[in-house]
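J.: Dumping the structure here so I can ask a few things about it.
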Amino acid sequence: MVLEKRRLGRIGWKASILTLGGCGLGNLSQEKADVWVKIALEYGVNMVDVAPAYGLAELRLAPWVGKNREKLFLAEKTLKRTREGAWSELQRSLRRVGAKRFDLYQLHAVGDLHELKTALGKNGAIQAFKEAKETGLISHIGITGHKDMRVLKKAITECEFDSVLLPVNLASMTNPLPENDFRPVLKLAAQQDMAVIAIKALAKGRWKAGRRKTYRTWYDPIDIGEDISRAVSFTLSQEPVVTYSLPCDVKLWPMVLEAGEKYRKLSANQRKQMIDLAKAANFNPLFPHRGGEYSRARGQIGSGSLIQRNSSHNRCRR
């Protein structure tokens, strides 16, 4: 049971095509978390993505990080947008995980241009990221987003991030719109040799009103083994996606791990056929959501650069 490995963009780490998503561990006891981490590692998973927002996940992973630190690529995130907030949360996360450094530290779930401008501006989180890199607390800097691909596109155009994490799934392609179309972001990431981490590969759409939520994922997931295999293959066949982060419910992990083990790259024609099947099955994009944040923030910020490239205060280009 050994998963395929891929180069993690210019970072260079040979990453497993599946990442241990800490979100799935945050509500588990240590005993149960240990079972699932052990299973993932047995499949050859060698990358971990965790965040303070994931409940107790940092603490649940700590024993495994302690025993396997040099074998794991450790990615952490923060929702803080200011220098002070990000620096404080970084220190807390290092203590909770029991690590001396993170291989990758990411701006977590940047949803609109106002957030992005704050994070990249004077006294923004990017300043804490740079200081942490200079002092050896982190090795690489990334960004993640869920709501609006235009915000991520803006971010990686303006700023030299090492990685981007975003939804790459069939549901988005059933009705590709600027908010959910991941392809322009992937194109830019490829041009910059960025590491691309995919999420939400199993999403069919949002939970419908009145439908019982049978999983801890905030979206309605694919939960049939054969269909999971197709969805995971679709996501991992999108270049330059390197790895897909396991979903937020461990009940789905065995089928995803099996799908990763059996993965074979799909042809363009096979990917098109899968999009047609998703449309027929009434998959729907998770975004845009009515009253999207991007349009409101755009009016406040305008379409120009979020940073002054020639300014002595440019904290973005490293």
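The values are calculated or read from the model by the stated rules, or taken from the named source; none is laboratory data. It should be emphasised that the depicted structure is a prediction, and the values quoted were computed from it without experimental measurement. Every residue, glycine as well, gets a Cβ built from its backbone with ideal geometry; the counts of neighbours run over all protein chains shown.
J.: Just a yes or no: is a residue in segment 34-51 among the basic types (Lys, Arg) and within 27 Å of residue 193 (Cα to Cα)?
T.: No, segment 34-51 has no match at all.
J.: Kindly establish whether residue 160 is farther than 19 Å from residue 49 by Cβ and among the acidic types (Asp, Glu).
T.: So residue 160 passes the test.
J.: Another one. Tell me which residues, restricted to segment 229-259, are touching a Phe, Trp or Tyr at 6+ places or on another chain (Cβ under 8 Å) and of a type in the set (D, E, K, R).
T.: Correct list: 249, 251.
J.: Separate question: Does segment 16-29 hold any residues that are in contact (Cβ under 8 Å) with a residue 60 or more places away in the chain and within 14 Å of the chain's Cα centre (by Cα), and which are they?
T.: 17, 18, 19, 20, 21, 23, 24
J.: Here's another thing I want to ask about it. If I ask for residues that are surrounded by 18 or more Cβ atoms within 10 Å (Cβ to Cβ) and either touching a residue at least 40 places away in the same chain (Cβ under 8 Å) or not in a helix (DSSP H, G or I) (or both), which ones from segment 80-95 would you list?
T.: Selection gives 80, 81, 83, 86, 87, 90, 93, 94.
J.: In addition: Pairs needed: first member in segment 135-151, within 15 Å of residue 245 (Cβ to Cβ) and touching a residue at least 60 places away in the same chain (Cβ under 8 Å); second member anywhere, polar (S, T, N, Q) and crowded, with 22+ Cβ neighbours inside 10 Å; C-beta distance under 6 Å; at least 6 residues apart or different chains.
T.: 142/106; 142/163; 144/106
J.: Now for a different question. Going through 60, 6 one at a time, which residue ends up being crowded, with 24+ Cβ neighbours inside 10 Å and either closer than 27 Å to residue 251 by Cβ or among the aliphatic types (A, V, I, L, M) (or both)?
T.: After applying the criteria, what remains is 60.
J.: May I ask you to verify whether residue 131 is farther than 26 Å from residue 231 by Cβ, modelled with pLDDT under 95 and out of contact with any Gly (no Cβ under 9 Å at 6 or more places or on another chain)?
T.: When the stated conditions are applied, residue 131 does not pass them.
J.: So, of the residues in segment 185-219 that are buried (at least 16 other Cβ atoms within 10 Å of the Cβ) and aromatic (Phe, Trp, Tyr), which turns out to be nearest to residue 159 (Cα to Cα)?
T.: If we take residues in segment 185-219 being buried (at least 16 other Cβ atoms within 10 Å of the Cβ) and aromatic (Phe, Trp, Tyr), then 219 is nearest to residue 159 (Cα to Cα).
J.: Here's something else I'd like to know. Give segment 110-134 a look and list any residue that's in contact (Cβ under 8 Å) with a residue 40 or more places away in the chain and in contact with a strand residue (DSSP E or B) (Cβ under 7 Å, 6 or more places away or on another chain), or say none.
T.: Those that are in contact (Cβ under 8 Å) with a residue 40 or more places away in the chain and in contact with a strand residue (DSSP E or B) (Cβ under 7 Å, 6 or more places away or on another chain): 110, 123, 124, 125, 129, 132, 133.
J.: If you don't mind, another one. Determine, yes or no, whether residue 186 is part of a helix (DSSP H, G or I) and either out of contact with any Gly (no Cβ under 7 Å at 6 or more places or on another chain) or at pLDDT below 95 (or both).
T.: Considered against the rule, which asks whether it is part of a helix (DSSP H, G or I) and either out of contact with any Gly (no Cβ under 7 Å at 6 or more places or on another chain) or at pLDDT below 95 (or both), residue 186 comes out as yes.
J.: Criterion first (more than 18 Å from the chain's Cα centre (by Cα) and farther than 20 Å from residue 219 by Cα) does residue 121 satisfy it?
T.: Yes.
J.: Shifting gears a bit: Out of the residues in segment 220-247 that are over 19 Å from the mean Cα position of the chain (by Cα) and not aliphatic (A, V, I, L, M), which is surrounded by the fewest Cβ atoms within 10 Å (Cβ to Cβ)?
T.: Checking each candidate, the answer is 226.
J.: Among the residues of segment 124-166, write down those that are of a type outside the set (D, E, K, R), assigned to a helix (DSSP H, G or I) and under 17 Å from the mean Cα position of the chain (by Cα).
T.: 149, 151, 152, 155, 156
J.: Go through segment 141-158 and count every residue that is crowded, with 24+ Cβ neighbours inside 10 Å and over 25 Å from residue 175 (Cα atoms).
T.: Total meeting the criteria: 1.
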